[in-house]
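**Q** One structure, pasted below without further comment.
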Amino acid sequence: MSKQDAETGVVAAENLDRVEAPVTWRTYAMCVFASFGGIFFGYDSGYIGGVQGMDYFIKMISGPDAKELLSWQASLIVSILSAGTFCGSLIAGDLADYFGRRFTIVLGSAVFIVGVALQTASAGLVLLVIGRAVAGVGVGFVSAVIVLYMSEIAPKKVRGAIVSGYQFCITIGLLLASCVSYGTENFENSGSYRIPIALQMLWALILGIGLMFLPESPRYFIKKGKVEEARKALGRVRGQDPNSHYVEAELNEIRANHEYEKRLTPETGYIGSWLLCFSGSVGLASSNVRKTLLGITLQMMQQWTGVNFVFYYSTIFLKGTGAVSDPFLMSLIFTLVNVLSTPFSFWFVERFGRRSMLLWGAIGMTVCEFIVAIIGVTVGFNHTHIGEGNVAVANNISAVNAQIAFIAIYIVFFATTWGPGAWVLIGEIFPLSIRSRGVALSTASNWFWNFVIGFITPYLVGIDYANMQSSVFFLWGTLCATCIVYAYFLVPETKGLTLEQVDQMLDEVSPRKSAAWKPTTTYASMEQKEEKQTTA
């Protein structure tokens, strides 16, 4: 129910569960299509792991007698994408505020296509690296803004599941990349690497063209002061008449929340608008700086779990141990496990909530990582002998199989918890006044740590450097253990709340008490009371 105040004319929801207009299947279809952006994010991240293990590619980059890429070459090829995405994510925050969420995603798709074209045309290291850097900027645009866009248009009751769909599309992209790379690995011509690279253009075209037919975020229009455009967009998003009481009530709640935030926010210039993300006290959970640091560290922690070690370097790592006969197939299996596990997060995130999901996921990953490390250094990957054909063979095949099984279980824990959970939360925790920049900074953090891990891993496991072998899983296990402490003390519960109610919750309770919090009023109702007091 909603009612219109006779004095102020403002329509506000009477039932706190109905501060959001009812939705139709069209709303879900829009959100599902928007999540398609995850496919080329995942594909671009995934194809490089297989390509780096291809004989033709290795010889093209390192010379005709090379058996594997040099550590610095592997490091540069993988990490340069993340450097581009880091820059693209930061730029995307401004573009999303000035030109709109939808425009920024379409632009990102176009930039990505240019980068892919350069990579496809490459016949050496230099152009390939330039192409990956340019494509990275495009991925940065899309990865930062697509989560923002979905969070702003998705219904509150399934927002977590919808944004988790983005992570699911990432896993599908990873799987497609693994399948294509597996299919071309034995090609003895440039098609071995050019086919997996060029196929990415298709995903960008589908997303870029499709987004042109979707509505802009109503919250973007509210921030720009375009209330009528916001009304029309919200009507399209919810599948309702723009002039219905449902749309009017939700629109007034969004607008009232924005007006409330504006009253607390001083007018500033461009630099000041960025500094606004870091205003307030770190010790206060409701402060902008606390929310910004939460978003940045959430994405940092997601990367610290070490999952991209598995997807970027599993082929090279397993090849180097000599303990697995077909590293390409094993890498494909890991990716398939990731895809099949992620849909369970759609239910987990709305049934158990974000906070519980991250906490138990971190516990499960920690246990698996340490088991893999302990088996490896005692009887597993680290212990091989030279067999027929001068090929390294594992001393204890059963131990190696156990390690592989626990790596797969670790992927299940990641795919159902931290994989989608971190993306869901960064789309929910920021107020509208800093949301685009907050999500941009959080996404940039993801790509910064993606870059760091991609850069250092070849040196951690490379035979010519640290050669940690299975001991590298002690590192990932220790970092996963820090995720347990982090989730318990710092992650709030946002399940079942509108974005405006999340703002209220963070103002009123600490993260550890957030799961029990219930809304007691709306911003529109508070605005009505203030107006009455002013006119009295």
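Matching residues to (1) outside any helix (DSSP H, G or I); (2) in contact with a Gly (Cβ under 8 Å, 6 or more places away or on another chain); (3) not hydrophobic (A, V, I, L, M, F, W, C):
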{"residue": "Leu205", "(1), (2), (3)": "no, no, no"}
{"residue": "Tyr220", "(1), (2), (3)": "no, yes, yes"}
{"residue": "Glu229", "(1), (2), (3)": "no, no, yes"}
{"residue": "Glu250", "(1), (2), (3)": "no, no, yes"}
{"residue": "Asn257", "(1), (2), (3)": "no, no, yes"}
{"residue": "Thr268", "(1), (2), (3)": "yes, no, yes"}
{"residue": "Leu284", "(1), (2), (3)": "yes, no, no"}
{"residue": "Leu294", "(1), (2), (3)": "no, no, no"}
{"residue": "Met300", "(1), (2), (3)": "no, no, no"}
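**Q** Follow-up question, since we're still on this one. Would you mind listing the helices (runs of 4 or more DSSP H) fully within segment 376-467 where at least 1 residues are open to solvent by 10 Å² or more (accessible area, probe 1.4 Å)? Let's see the steps before the verdict.
**A** Working: elements: 397-416, 418-426, 435-461.
It comes to 397-416, 435-461.
**Q** Could you identify the single residue in Ala154, Ala135, Ala144, Ala123 that is open to solvent by 20 Å² or more (accessible area, probe 1.4 Å) and of a type outside the set (D, E, K, R)? Spell out how you get there, then give the answer.
**A** Numbers: Ala154 fails: open to solvent by 20 Å² or more (accessible area, probe 1.4 Å); Ala135 fails: open to solvent by 20 Å² or more (accessible area, probe 1.4 Å); Ala144 fails: open to solvent by 20 Å² or more (accessible area, probe 1.4 Å).
Unique residue meeting the criteria: Ala123.
**Q** Scan segment 433-442 and tell me whether some residue there is farther than 21 Å from Leu490 by Cα and among the hydroxyl-bearing types (Ser, Thr, Tyr). Full working, then the answer.
**A** Residues of segment 433-442 farther than 21 Å from Leu490 by Cα: 433, 436.
Within this subset, residues satisfying the condition of being among the hydroxyl-bearing types (Ser, Thr, Tyr) are 433, 436.
Yes, some residue in segment 433-442 is farther than 21 Å from Leu490 by Cα and among the hydroxyl-bearing types (Ser, Thr, Tyr).
**Q** Report whether or not Gly225 is open to solvent by 10 Å² or more (accessible area, probe 1.4 Å) and over 25 Å from the mean Cα position of the chain (by Cα).
**A** The answer is yes for Gly225.
**Q** Scan segment 172-198 for residues that are within 28 Å of Phe346 (Cα to Cα), open to solvent by 10 Å² or more (accessible area, probe 1.4 Å) and hydrophobic (A, V, I, L, M, F, W, C) and jot them down.
**A** Of the residues in segment 172-198, the ones within 28 Å of Phe346 (Cα to Cα) are 172-180.
Subsequent filtering for residues that are open to solvent by 10 Å² or more (accessible area, probe 1.4 Å) retains 172, 174-176, 178-180.
Those that are within 28 Å of Phe346 (Cα to Cα), open to solvent by 10 Å² or more (accessible area, probe 1.4 Å) and hydrophobic (A, V, I, L, M, F, W, C): Ile172, Leu174, Leu175, Leu176, Cys179, Val180.
**Q** Let me ask another. Restricting the search to segment 97-118, which residues are part of a helix (DSSP H, G or I), open to solvent by 10 Å² or more (accessible area, probe 1.4 Å) and among the hydrophobic types (A, V, I, L, M, F, W, C)?
**A** Quick first cut of segment 97-118, residues part of a helix (DSSP H, G or I) only: 97-98, 101-118.
Narrowing further to those that are open to solvent by 10 Å² or more (accessible area, probe 1.4 Å): 97-98, 102-103, 106-107, 110-111, 113-114, 117-118.
Phe103, Val106, Leu107, Ala110, Val111, Ile113, Val114, Ala117, Leu118 - these are the residues of segment 97-118 that are part of a helix (DSSP H, G or I), open to solvent by 10 Å² or more (accessible area, probe 1.4 Å) and among the hydrophobic types (A, V, I, L, M, F, W, C).
**Q** Which residue is least open to solvent (accessible area, probe 1.4 Å), if the candidates are limited to segment 477-486 and must be under 23 Å from Val282 (Cα atoms) and hydroxyl-bearing (Ser, Thr, Tyr)?
**A** Among those residues, the one meeting the criterion is Tyr486.
**Q** Any residue in segment 65-84 that is over 21 Å from Ala466 (Cβ atoms) and in contact (Cβ under 8 Å) with a residue 24 or more places away in the chain sitting within a Cβ distance under 7 Å of a residue that is in a helix (DSSP H, G or I) and open to solvent by 10 Å² or more (accessible area, probe 1.4 Å)? List the pairs, counting only those 6 or more apart or interchain.
**A** Hits for this filter: Ile80/Val129; Ile80/Ala133; Ala83/Ala133; Ala83/Phe451; Gly84/Ala133; Gly84/Val134; Gly84/Val137.
**Q** Look through Leu276, Leu214 and report the one residue that is in contact (Cβ under 8 Å) with a residue 60 or more places away in the chain, in contact with a helix residue (DSSP H, G or I) (Cβ under 8 Å, 6 or more places away or on another chain) and farther than 24 Å from Leu441 by Cα.
**A** Going through Leu276, Leu214 in turn, the sole match is Leu214.
**Q** Let me ask another. Within segment 232-249, can you find the residues that are touching a strand residue (DSSP E or B) at 6+ places or on another chain (Cβ under 8 Å) and either closer than 9 Å to Pro218 by Cβ or of a type in the set (D, E, K, R) (or both)?
**A** Glu248
**Q** Looking at Ile162 and the list (1) modelled with pLDDT under 85; (2) open to solvent by 30 Å² or more (accessible area, probe 1.4 Å), which single condition is not satisfied?
**A** The number of the failed condition is (2).
**Q** Sticking with this one: Determine which member of the set Ile195, Ile162 is of a type in the set (A, V, I, L, M, F, W, C) and more than 14 Å from Met30 (Cβ to Cβ). Even if it seems obvious, please write down each step before you answer.
**A** Details: Ile162 fails: more than 14 Å from Met30 (Cβ to Cβ).
Just a single option satisfies the conditions, and that option is Ile195.
**Q** Also: When you check Phe489 against the structure, is it among the aromatic types (Phe, Trp, Tyr), farther than 17 Å from Ser151 by Cα and open to solvent by 10 Å² or more (accessible area, probe 1.4 Å), yes or no? Explain how you work it out, then say what you get.
**A** Details: among the aromatic types (Phe, Trp, Tyr): yes; farther than 17 Å from Ser151 by Cα: yes; open to solvent by 10 Å² or more (accessible area, probe 1.4 Å): yes.
So Phe489 passes the test.
**Q** Go through Cys169, Cys87 for me and flag whichever is within 25 Å of Thr342 (Cα to Cα), open to solvent by 10 Å² or more (accessible area, probe 1.4 Å) and not aliphatic (A, V, I, L, M). Steps first, answer last, please.
**A** On the way: Cys87 fails: within 25 Å of Thr342 (Cα to Cα).
So the residue among Cys169, Cys87 that is within 25 Å of Thr342 (Cα to Cα), open to solvent by 10 Å² or more (accessible area, probe 1.4 Å) and not aliphatic (A, V, I, L, M) is Cys169.
The values are calculated or read from the model by the stated rules, or taken from the named source; none is laboratory data. Predicted model, so just to flag it, every value in this text is computed and none were measured. Every residue, glycine as well, gets a Cβ built from its backbone with ideal geometry; the counts of neighbours run over all protein chains shown. SASA here: full protein model, heavy atoms, side chains in, ligands and nucleic acids out. Shrake-Rupley method; radii C 1.70, N 1.55, O 1.52, S 1.80 Å.
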